[in-house]
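Q: Would you mind keeping the following structure in view while I ask a few things?
Bear in mind these aren't lab numbers, they're just calculated from the coordinates by the rules spelled out. Predicted, not measured: the structure shown is a model, and the values here were computed from it. So basically every Cβ, Gly included, is an ideal-geometry build from the backbone, and we count neighbours across all protein chains shown.
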């Protein structure tokens, strides 16, 4: 197991080199650059040259890349071109906010999806099953920017309410923080819930058809034990795979939700960075999210061995 | 189970629906459409940054809504007859937010910082402070600036936020002012949470009672989503938001919302390449002017919310020329066809209209394409991606290009920058010896009435030669709670909250 983890972590290196190169090149290729952004209509050739020199953009691209990546491996992602603030500490503080949102979204999704998925599988083709399937389909097919916009409109028109605009941290004021985060997290969770519900249902159905479930029932185990101890555990592999993948895409999903609800998370940080062509910010954020994504997937793979002892990585 | 689930969902929602929090104390909550990009008045140009910096910094002088220079840090000033030496007499009660007294040495330091070759300050060009040759401080409250060449626009140039007076001690301690406060303004820079909010707090010791803070604090919030901004205003969580014409349609009469707007100094126009056939023929350019129905364009592109305008818009006060009096600003298809026939194009011709950058420009391109069809001109509208559009703009590679330009705060920019033969933004390659001569005369004439006559002559020549077909001057919009009183933004000053109140 230890060898496997080390192997996987070593495998991170080429992935990160590839991603860092890709994002560096993409930032160079997208139209408009940071100097045009800073100078706007005041742009003159002299001013341009001054800024390129100041930001190190007058150096050859290869040198720029190597300088950046050389510092990045030591955890120094440079400083924002726009605000002068170091990027890495900012990423960490923004990540906490996004992670809170994503975790709350996941928890809401599981609370809704797992029981409903199980019920749906057990009462296959019943009225409940059909209702659950329709809800799941709605969850999957309504994009979160649409539901978020509708929720905001509904709350403002119907209840004269809008979530607080001033962001307050979780440990600063728990109540206000929850007031800010619950609605966005519910919306985020609803999309995820749809697919988790469908996956739970289908993988439960598959397991319930297997012979060993018959054997469990034949030996007189109660329905509760049959389902939670024997069926759910075996059907959870695909569900966990899905959740692992979703945590990654959740980081992407938070971009839209953060923007709509003005939550200063990692997604919003990246987006503002892109809009302002703030290269160190965008490159740092993308690299950070990539590492995170790979680590979550590694965690999921390790989790498999605990759920299903038959799986080994040797 | 279903009931239980419904109950849980309703409870979750109920938990979050508590009465909206009213602002504590006398505070203005302002929802902005973009995130500020730093707060150094010498290097930051984003709209959101300027709104915040306007509260924190002062300049030597200011412009009123009629573009007349008014005192700020400099209480009086003298200009030498040769327009080369400007002497400023400073107020003696100005203090920085650190409490330190501001003197002539700080003014000298601020302009030296702007002119330093390393900083890349926005004010380091001849449109602002770039023409300064030497700065002397004979005493603590007098500053003498000598220019490289005569200029009448120098005072309005240094009224820009890019020429703010900054605290040397703060710059030296922090390295820059991107996140630091080195100002003398009515508010101090307060709490900043990037991508969410920045607060400015009233500065009790501000030197000028006329600009004293009327709020305990102004809270600027970044709310990039327009729908969220509007609904936060509806719910009373925000007092003032930046709006656009599309948003105005969403405001219903029963909504407790007031609309605030002002005429900008921007204008949209069709620029025609005066050195490329067929636009090298003045009759063709006139025909295009006659072919346009500008009201129709404004209805389509700006929901009717813009004014027909020349390139020195009415918002520039006495400098403006009323284009609606010009014959060719009223659509006349017959006359347009006759002019085209006279120029040798009785059946019209094919051309390219280049558009890009923003929706206003693109919408204008589409309507113009249809309107030109009526006189036989088949236009291909090429919607360019921003960088390509700018490249074409720089290379003057155009038949017709739809542009949005800023006329600036002085006709010298509005005329010389865009229409003199060597003007930096003369993308239509227009050249007229008399206009060039007038631009030189205008830049060196101190008498306002004489200057006005000079620029009006130039403007009329350019209009009559149809070097451009200007369309409209758009408005800028804000939406606010009806309780907000006294906020009257104009093109010279969009973020002046002196005297503004919120009725409780």
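Q: Could you give the alpha-carbon Rg of segment B:365-415 over 2.2 N^0.38 Å, rounded to two decimals?
A: Rounded to two decimals, the normalised Rg is 1.43.
Q: Given 0.36 nm per residue, what is the gain on full extension from residue B:483 to residue B:394 after removing their alpha carbon distance, in nm?
A: Result: 27.4 nm gained on full extension.
Q: Now a separate question. Most exposed first by the Cβ proxy, i.e. fewest other Cβ within 10 Å, how do B:139, A:76, B:208 rank?
A: Lowest to highest Cβ neighbour count: B:139, A:76, B:208.
Q: Give me the Kirkwood hydrodynamic radius of segment B:266-475, using the inverse of the mean 1/r over all pairs of distinct Cα atoms, in Å to one decimal.
A: 17.1
Q: Counting only helical runs of four or more DSSP H residues, what would the 222 nm mean residue ellipticity of chain A come to if each run contributes -39,500 (n - 2.57) and the total is spread over all its residues?
A: -25500 deg cm²/dmol
Q: While we're here: Tell me the volume per residue, in Å³, of the convex hull enclosing the alpha carbons of segment A:47-104.
A: 106
Q: Per q in 0.14, 0.15, 0.20, 0.21 Å⁻¹, report the Debye log10 I(q)/I(0) for segment A:1-160, using one uniform scatterer on each alpha carbon and no solvent.
A: Scattering profile of segment A:1-160, log10 relative to I(0): -1.02, -1.06, -1.30, -1.35.
Q: Taking the Cα-to-Cβ direction at residue A:92 and at residue A:306 and moving 7 Å from each Cα, how far apart do the two end points lie in nm?
A: Between residue A:92 and residue A:306, the simple spin-label model gives 2.6 nm.
Q: Relative to the longest principal Cα axis of chain A, at what angle does helix A:61-72 sit, 0 to 90 degrees, rounded to 10?
A: 60
Q: Still on this structure: Could you work out the pair-distance distribution P(r) of segment B:229-319 from its alpha-carbon pairs, with 10 angstrom bin width and percents rounded to whole numbers?
A: The percentages, shortest bin first, are 13, 31, 27, 17, 9, 3.
Q: Same structure again: Quick check on chain A: take the gyration tensor over C-alpha atoms, sort the square-rooted eigenvalues as a ≥ b ≥ c, and tell me if it's rounded (a/c under 1.5), prolate or oblate.
A: oblate
Q: Mind checking the alpha-carbon convex hull of segment B:438-504 and giving the volume per residue in Å³?
A: Working: hull volume 9.4 nm³, N = 67.
Considering the Cα atoms of segment B:438-504, their hull volume per residue is 140 Å³.
Q: Sort B:42, B:47, B:318, A:230 so that the residue with the fewest other Cβ atoms within 10 Å of its own Cβ comes first and the one with the most comes last.
A: On the way: B:42 27, B:47 16, B:318 12, A:230 19.
Least to most surrounded, the residues fall as B:318, B:47, A:230, B:42.
Q: Can you put B:355, B:68 in order, fewest other beta carbons within 10 Å first?
A: Arranged by neighbour count, lowest to highest, B:355, B:68 become B:68, B:355.
Q: Counting each DSSP H run of 4 or more residues in chain B as -39500 (n - 2.57), what helix-only mean residue ellipticity at 222 nm follows after dividing by all residues, to the nearest 500 deg cm²/dmol?
A: -8500 deg cm²/dmol
Q: If R0 is 22 Å, what FRET efficiency do you get for residue A:13 and residue A:76 from their C-beta distance, rounded to 0.05?
A: 0.75
Q: Now, a different point. Between residue B:296 and residue B:126, what is 0.36 nm times their sequence separation minus the Cα-Cα distance? Round to one decimal in nm.
A: 57.3 nm
Q: Using Cα-only point scatterers and the Debye equation, what is log10 of I(q)/I(0) for segment A:231-270 at each q in 0.16, 0.23 Å⁻¹, rounded to two decimals?
A: The Debye formula, applied to the Cα set alone, gives -0.50, -0.68.
Q: Hey, what does the equivalent ellipsoid look like for segment A:185-249, semi-axes from the Cα gyration tensor as sqrt of 5 times each eigenvalue, largest first, whole Å?
A: That gives 28, 11, 9 Å for the three semi-axes.
Q: Need one number for the protein assembly as shown: average projected area of the convex hull over its C-alpha atoms, nm².
A: 41.0
Q: Mind checking the angle between helix A:2-29 and chain A's longest principal axis? C-alpha axes, 0 to 90 degrees, to the nearest 10.
A: Compared with the principal axis, the helix lies near 50 degrees.
Q: Obtain the nm distance between the two label points defined at residue B:303 and residue A:141 by a simple spin-label model: each point lies 7 Å from its Cα along the Cα-to-C-beta direction.
A: Between residue B:303 and residue A:141, the label points sit 3.2 nm apart.
Q: Partner chain Cβ atoms within 10 Å, averaged over the residues of A:162-173 - can you pull that number for me?
A: 5
Q: Sticking with this one: Find the centroid of the Cα atoms in segment A:209-283 and in segment B:299-334, then give the distance between the two in whole Å.
A: 57
Q: Mind checking the alpha-carbon convex hull of segment B:61-168 and giving the volume per residue in Å³?
A: Output value, Cα hull per residue: 102 Å³.
Q: To the nearest 10 degrees, how steeply does helix A:232-260 sit against the main Cα axis of chain A, on a 0 to 90 scale?
A: It is inclined by approximately 30 degrees.
Q: Oh, and also: How far is the Cα center of segment B:461-504 from the Cα center of segment B:126-176, in Å?
A: 28
Q: At 7 Å along Cα-to-Cβ for each site, give me the label-to-label distance between residue B:449 and residue B:89 in nm.
A: For residue B:449 paired with residue B:89, the spin-label model returns 2.7 nm.
Q: Another question about this same structure. Find how many whole Å separate the alpha carbon centroid of segment A:61-75 from the alpha carbon centroid of segment B:409-434.
A: So the separation of the two Cα centres works out to 45 Å.
Q: Hey, another quick one. Treat chain B as a sphere of radius equal to its Kirkwood radius over Cα pairs and apply Stokes-Einstein at 37 °C in a medium of 0.692 mPa s; give the translational diffusion coefficient in µm²/s, rounded to a whole number. It would help to have the intermediate numbers written out before the result.
A: On the way: Rh = 25.0 Å.
Translational D for this selection: 131 µm²/s.
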